[in-house]
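Novice: First the structure, then my questions, so here it is.
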Amino acid sequence: QLLHLYFTNPRIDDESFQSWKAKRKDAIINSRRNPQSVLSDSVGYILSNYHPRSKPVTEEDIDKVDKNHAMKVYKQRFANAGDFNYIFTGNIDKVNFEELVAKYIGSLNGSKTAENWKDLGARMPKGELNKEFKKGIDQNSRVIMVFTSDDFKYNQTNRQLLQSLDKVLGIRLREQLREEKGGVYNVSAYSSYDKYPVEECYVVVTFGCDPNRVEELKADTKMIVKELQSELISDENMQKIKETQRRDFELALKDNRTWSSWIYNSLWYGESLSDIDNYLTVVDKLNKEDIKKAAKKYLNYRNLKTFVLSPEETE
C-alpha cells in the first residue's frame, strides 16, 4: 500500500519542507564544526577529482531548493512504474503476496520504456597525493591512506580476493601498530569496488594516533604493505581469513537485507544469483600466493593518497 502511494499520491506541505530545511542547515553547521566530518567530506570530494556531485552541501545549497521543483522532479522519476525492479525478501505467503502485487503494483501506470544511467565523469585521481588538514584542539590525529586502482576486473573472484586482502591487512595493522607498538587508538582496513561507470577499486587504511607519531606510524603501515607484497602471510592468518569469511557468509544467509542486496546486485551487475552457491568454493581455493599477488596489484604506492587531520596546535 505504501509503495503504491509513493507512485500515486506524493505530497509535500510547506511546514514539513521548512522543517526539513532547518534540520539540514543545523546538521551542516554542526558537521562543519566537527573535524572528523570535515575530513570525511574533504576526502570524498578530493577522491572524486573535485566533481560537483561530490562537493559538500552548504546552507546556501539548501536555500536554493524549491519544493515545487523537487515535486516535479519526483513525479518525473516515478512516472513509469514499468521501469522499476521490485525486490521483496522474507517470510512471504506466496498466494497472498501475488494478490497484493497484482493489486498494488499491477495497477500502476507503466510501459516497457526503459531508461539508462548516465556517466557524469567522476573519476578517482591518478598518482600520489598528500593532504594535511588542521582543525580542532583535541590532541588526536586521524590518518587515512587510500590505495586506488583502475586495474580491476569486477567479478566474484576478484571481489573475494580484495576482501581477503583488506582482512589480512587489518590483522597485521592491529598486530603491529596497536598490540606491539601501542601507537594507535584504533586502526582498520577496508576495501571498496565498483563496475560502473568504470571498473575500479580502492583499499583504505585509517587510524587515530598521537599527532607526534603520525610520520612514524605511516612509515610502519608502508612497511606492513611491503611485507604483504614480498612475503607469504602466516598459516594462522590465512586460517583466520577463511574462518571469518565462512562465518560471515553463514550469518548473511539468514539476513533479509543481505538477500535483497544480492538480488539487487544480480540485476544491476548482470551476475547470476547462482554465484552465491560458489562463494565458499572461492573461499576454499584462496591461497597465500593469491594474497601476495593482490597486495602487489592493488596496494600501489604510485596511486597512494594520504590524508592527515591534526589539531591546530600540537602539544
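The values are calculated or read from the model by the stated rules, or taken from the named source; none is laboratory data. Note that this is a predicted model, so its numbers are computed, not measured. Here the Cβ positions follow ideal geometry from the backbone for every residue, glycine too, while neighbour counts run over all protein chains shown. These area figures cover heavy atoms from the full protein model, side chains too; ligands, DNA and RNA do not enter into them. Shrake-Rupley method; radii C 1.70, N 1.55, O 1.52, S 1.80 Å.
Novice: Identify all residues within the stretch 258-289 that are under 19 Å from Tyr154 (Cβ atoms), open to solvent by less than 50 Å² (accessible area, probe 1.4 Å) and touching a residue at least 24 places away in the same chain (Cβ under 8 Å); write none if there are none.
Specialist: Listed by number, the residues that qualify are Ile263, Tyr269, Glu271, Asp275, Tyr279, Val282, Val283, Leu286.
Novice: Across the stretch 41-55, what is the number of residues that are under 13 Å from Lys131 (Cβ atoms) and part of a helix (DSSP H, G or I)? It would help to see each step written out before you state the result.
Specialist: Within the stretch 41-55, the first condition is being under 13 Å from Lys131 (Cβ atoms), and the residues that meet it are 41-47, 50.
Imposing the further condition that a residue be part of a helix (DSSP H, G or I) reduces the set to 41-47.
Of the residues in that region, 7 qualify.
Novice: From the list Tyr6, Tyr74, which residue is closer than 27 Å to Ala114 by Cα, surrounded by 12 or more Cβ atoms within 10 Å (Cβ to Cβ) and under 26 Å from the mean Cα position of the chain (by Cα)? Give the derivation first.
Specialist: Working: Tyr6 fails: under 26 Å from the mean Cα position of the chain (by Cα).
Within the list Tyr6, Tyr74, the selection yields Tyr74.
Novice: Search the stretch 180-193 for residues that are basic (Lys, Arg) and pair each with any residue that is in a loop (DSSP other than H, G, I, E, B) and open to solvent by less than 70 Å² (accessible area, probe 1.4 Å) when their beta-carbon atoms are under 7 Å apart and the residues are at least 6 apart or on different chains.
Specialist: none
Novice: Exactly one of these conditions fails for Leu251: (1) assigned to a loop (DSSP other than H, G, I, E, B); (2) at pLDDT 95 or above. Give me its number.
Specialist: If we test Leu251 against (1) assigned to a loop (DSSP other than H, G, I, E, B); (2) at pLDDT 95 or above, just (1) comes out false.
Novice: Please go through the stretch 145-187 and pick out each residue that is out of contact with any Gly (no Cβ under 8 Å at 6 or more places or on another chain) and hydroxyl-bearing (Ser, Thr, Tyr).
Specialist: If we filter the stretch 145-187 for residues that are out of contact with any Gly (no Cβ under 8 Å at 6 or more places or on another chain), which is where we start, we get 145-176, 178-183.
Residues satisfying the conditions are Thr148, Ser149, Tyr154, Thr157, Ser164.
Novice: Quick one: would you say Tyr86 is more than 27 Å from Ser266 (Cβ to Cβ), modelled with pLDDT of 95 or more and either surrounded by fewer than 11 Cβ atoms within 10 Å (Cβ to Cβ) or not small (Gly, Ala, Ser) (or both)?
Specialist: No, not satisfied.
Novice: Let me ask something additional. Are any residues in the stretch 192-216 within 11 Å of Val308 (Cα to Cα) and assigned to a helix (DSSP H, G or I), and if so, which ones? Give the steps one after another, and end with the answer.
Specialist: Here is the first cut: in the stretch 192-216, the ones within 11 Å of Val308 (Cα to Cα) are 206-209, 211, 214-215.
Passing the criteria: Pro211, Val214, Glu215.
Novice: Which number in (1) among the basic types (Lys, Arg); (2) open to solvent by 60 Å² or more (accessible area, probe 1.4 Å); (3) free of Cβ contacts under 8 Å to residues at least 40 places away in the same chain marks the one condition that Arg159 misses?
Specialist: Of everything listed in (1) among the basic types (Lys, Arg); (2) open to solvent by 60 Å² or more (accessible area, probe 1.4 Å); (3) free of Cβ contacts under 8 Å to residues at least 40 places away in the same chain, Arg159 misses just condition (2).
Novice: Separate question: Go through (1) over 28 Å from Asp275 (Cα atoms); (2) open to solvent by less than 80 Å² (accessible area, probe 1.4 Å); (3) not polar (S, T, N, Q) and name the single condition Val101 misses.
Specialist: Here Val101 clears every test but (1).
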